[in-house]
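Heads up, the thing below is written out as structure tokens.
Derivation of every value follows stated rules applied to the coordinates shown; laboratory data play no part. Since we're looking at a predicted model, the values are computed, not measured. Please note: Cβ atoms are built from the backbone with ideal geometry, for glycine as well, and neighbour counts cover all protein chains shown.
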Amino acid sequence: MRLSAPRKKGEVSLEETLEKRRSHRSYAPKELRSDQISQLLWAAQGVVERGLRTAPSAGATYPLEIYLVTNRGVYHYRPQSHELEPALEGDVRSQLCQACLNQEWVEQAPISIIVTAVYQRTATGYGSRATRYVHIEVGHVAQNIHLQAVALGLCSVPVGAFHDEQVRKVLSLPESHQPLYVVPVGYSTE
């Protein structure tokens with residue numbers, strides 16, 4: 001499923017997004033528009049000039065894979081073509097919530113963006129330092145998602161507390177894709 005082209009110029013300054021970024025744990029039952037989802041995924045791992053990405057990566061190894069969970073299913077984001085590939089049909093937000101230690105906002109949010117890592121991509125060039133580099137990169141990607149959410153008038157919350165294997169099972173992730181971060185995104189009820 002092809003996504004709409006991302007906007008390269010927003011209406012909110014970086015300084016405003018930094019000031020307004022907060023963790024929100026209560027979401028309105030309102031779906032996101034497809035252009036908002038497109039923008040969030042592009043902010044996470046979109047391709048920019050010379051084939052680089054929106055977030056820095058050690059040696060441009062790009063070990064991170066992005067998954068989108070909605071009420072319709074699970075999708076794998078393909079940065080090079082800026083499209084979503086269906087991975088699993090059906091609403092798994094309740095099961096994802098359970099895998100995330102029953103943090104109810106994971107189920108309430110209209111979408112969650114899951115960041116996974118394929119460590120071997122970075123380990124090939126960086127050996128034992130790969131884990132460090134991958135973890136630094138996931139922080140860059142998550143911050144991009146959080147700031148883009150604010151710029152779109154949305155809210156988000158970082159979720160790092162979950163059972164890795166349960167998340168992998170719920171999303172039917174390949175064995176090499178290690179879940180690192182879950183980011184519920186939606187409209188705030190506040």
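Listed values, structure above:
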{"read-out": "Net length gained if the chain between Ser94 and Arg33 were fully extended (0.36 nm per residue, minus Cα distance)", "value": "19.8 nm"}
{"read-out": "Dipole axis of segment 22-186 (+1 Lys, Arg; -1 Asp, Glu on Cβ), positive-most option in Pro86, Val157, Thr131", "value": "Thr131"}
{"read-out": "Cβ crowding within 10 Å averaged over residues, with 136-148, 51-63 ranked highest first", "value": "136-148, 51-63"}
{"read-out": "Exposure proxy order (Cβ contacts within 10 Å, fewest to most) of Ile113, Ile66", "value": "Ile66, Ile113"}
{"read-out": "Potential extension, Glu85-Ala5 segment - 0.36 nm per residue separation minus Cα distance", "value": "27.2 nm"}
{"read-out": "Extension gain, Ala161 back to Ser23 (0.36 nm per residue minus Cα-Cα distance, nm)", "value": "48.2 nm"}
{"read-out": "Value of relative contact order over segment 22-186, rounded to a whole percent, pairs C-alpha under 8 Å and six or more apart", "value": "30"}
{"read-out": "Net dipole in debye of the chain [+1 Lys, Arg Cβ; -1 Asp, Glu Cβ; about Cα centre; nearest 20]", "value": "380"}
{"read-out": "Of the DSSP H helices in the chain, those whose Cα atoms cover at least 15 Å axially and whose Kyte score averages -0.5 or more", "value": "34-45, 130-151"}
{"read-out": "Listed candidates (i) 23, 21, 16; (ii) 31, 19, 18; (iii) 29, 19, 15 - label of the one calculated as semi-axes √(5λ) of the Cα gyration tensor in Å", "value": "(i)"}
{"read-out": "FRET efficiency estimate (nearest 0.05) - Cβ-Cβ, Ala60 to Glu15, R0 30 angstrom", "value": "0.55"}
{"read-out": "Residue-averaged 222 nm ellipticity for the chain, from DSSP H runs of 4+ at -39500 (n - 2.57), nearest 500", "value": "-10500 deg cm²/dmol"}
